[in-house]
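For reference, the structure is listed below as structure tokens.
The values are calculated or read from the model by the stated rules, or taken from the named source; none is laboratory data. As the structure is a computational prediction, the values presented were derived from the model and not from experiment. Cβ coordinates were reconstructed from backbone atoms using ideal geometry, including for glycine residues, and neighbour counts include every protein chain displayed. What goes into the accessible areas is simple: the full protein's heavy atoms, side chains included, and nothing from ligands, DNA or RNA. Shrake-Rupley method; radii C 1.70, N 1.55, O 1.52, S 1.80 Å.
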Amino acid sequence: MSNSRKPSFQTNSTKSFQERSPKRAFNDKERRFDDRRNNEKREGNQPHFDKKRDARKPSRGFQQEEVREPKIAELSLNKANGESGSVKVTVKSTGVSYKPKEKKTGALSPRAPEKIKKNRAEEMKVYGENACLELFAERPESIVRVWATVQMAHRIGEIFSYLAANKKVYHVVDSEELSLVSGTEHHGGICMLVKKQRTFSLQGYLDVPRQEDYLVVLDQVNNAQNLGGVVRTCAFYGIKNVVTNQVEQLYAPAAMRVAEGGMEHIRILETESTEIALEALRKAGYQIIHVSTNKQGVALEQLKFAEKVALVLSEGSTDDIRDKQDVNVRLSLSNPLKAGLNIAVNAGILLSHWYVK
């Protein structure tokens with residue numbers, strides 16, 4: 001074989017590929033970074049984007065939080081009772097938006113917690129149409145703030161006129177917002193923040209001699225529905241005073257709603273305990289009446305009321321607070337149930353019997 005066919009190797013020949021030096025690789029990487037940054041600037045300057053971003057959703061890389069914001073609209077309502085002019089009403093509904101988190105700075109006033117605590121102790125919420133309308137009729141000066149739906153706003157123009165004239169706050173909101181404010185879906189379209197009624201001490205009340213009187217004493221009554229029913233019955237029959245050692249139970253919004261405005265027509269007499277109250281009433285010459293849970297006791301048709309009466313209503317047993325001189329009344333001889341009637345029903349039966357006599 002000839003030497004021409006043998007492969008020849010050239011040590012100094014040019015390489016078939018080019019190796020990048022470290023310096024060149026760095027320059028290429030820097031060039032790509034500059035190109036990408038320029039592209040982003042050009043896209044940012046364009047008036048329209050191909051991919052639209054939802055402005056409400058938070059973008060990555062930023063700390064944002066979901067915020068419920070009111071949507072505000074204004075409308076005008078005619079004044080009630082044929083008065084001329086109109087009242088401007090602001091309608092608020094809630095919506096969701098996203099905002100950057102803001103770091104809160106600064107400290108609260110040293111007296112701020114005390115003021116909040118004091119307001120919570122002195123104020124209460126009332127909801128329900130009849131309860132709120134009766135409260136406005138009896139003590140409008142105690143109203144601090146009002147929330148109402150659009151439907152209710154057309155019916156309470158007189159209340160809004162009063163609040164506007166006295167520079168008090170009111171809001172027209174949707175039903176969902178009112179449920180959040182009142183804490184219930186059974187708000188009846190209106191909720192009020194009001195100052196609590198003034199209470200009186202039972203002993204101070206008894207210091208004034210009376211020839212005739214009728215009191216209702218509440219013992220171990222914690223159900224707001226029952227409390228509201230008793231108060232409503234008392235107001236219906238003209239009973240002016242209720243004795244209790246649990247004043248805050250009577251101030252429950254649910255009790256106020258069930259009372260249908262009856263709370264505005266009674267006076268709360270506060271006592272340390274039911275035992276102390278009954279002992280003071282016996283010394284003052286009151287006839288103490290308990291509802292019997294068995295067949296023992298005086299039949300209702302044979303009951304004779306004294307000039308001064310205190311009716312004890314309890315969700316539990318009253319055996320430990322009864323005295324020998326107290327009167328036990330049985331309402332039925334044919335009750336097949338182990339339990340008696342609801343205390344609001346007991347109050348209605350006994351008060352109607354007292355009323356007709």
For Trp147 the rounded accessible area (nearest 10 Å², probe 1.4 Å, non-protein molecules ignored) is 30
Cα atoms only, the stretch 213-357: Rg and Dmax in Å?
14.2, 38
Loop only per DSSP, at most 16 neighbouring Cβ atoms within 10 Å: give me the GluC sites (Glu not before Pro) in the stretch 165-227, ordered by residue number.
Glu185, Glu212
Can you pull the three principal axis extents for the Cα set of the stretch 284-357, in Å, largest first?
36, 30, 20
Qualifying trypsin sites (Lys or Arg not before Pro) in the stretch 183-266, DSSP loop, other Cβ atoms within 10 Å at most 10:
Arg198
What list of ³J(HN,Hα) couplings, whole Hz, do you get for the stretch 337-353 from phi and the Karplus terms 6.51, -1.76, 1.60, once you set θ to phi - 60° and write x for glycine and proline?
8, 6, 9, x, 7, 4, 5, 5, 5, 4, 4, x, 5, 5, 5, 5, 5
Placing unit charges on C-beta atoms (Lys and Arg positive, Asp and Glu negative, everything else neutral), compute the dipole magnitude of the stretch 169-289 about its Cα centre in debye, rounded to 20.
400
Could you pull out the pairs from Lys308/Lys338; Lys240/Lys295; Lys196/Lys308; Lys125/Lys167; Lys240/Lys324; Lys304/Lys324 whose alpha carbons sit more than 21 Å apart here?
Lys308/Lys338; Lys240/Lys295; Lys196/Lys308; Lys240/Lys324
At most 16 other Cβ atoms within 10 Å and a DSSP loop assignment: could you name the chymotrypsin sites (Phe, Trp or Tyr not before Pro) in the stretch 169-276 that fit?
Tyr237
At q = 0.14, 0.18, 0.21 Å⁻¹, work out log10 I(q)/I(0) for the stretch 174-262 with the Debye formula, treating every Cα as an identical point scatterer and leaving solvent out; two decimals please.
-0.59, -0.88, -1.10
Electrostatic dipole magnitude of the stretch 283-325 [Cβ: Lys, Arg +1; Asp, Glu -1; Cα centre; debye, to 20]
180
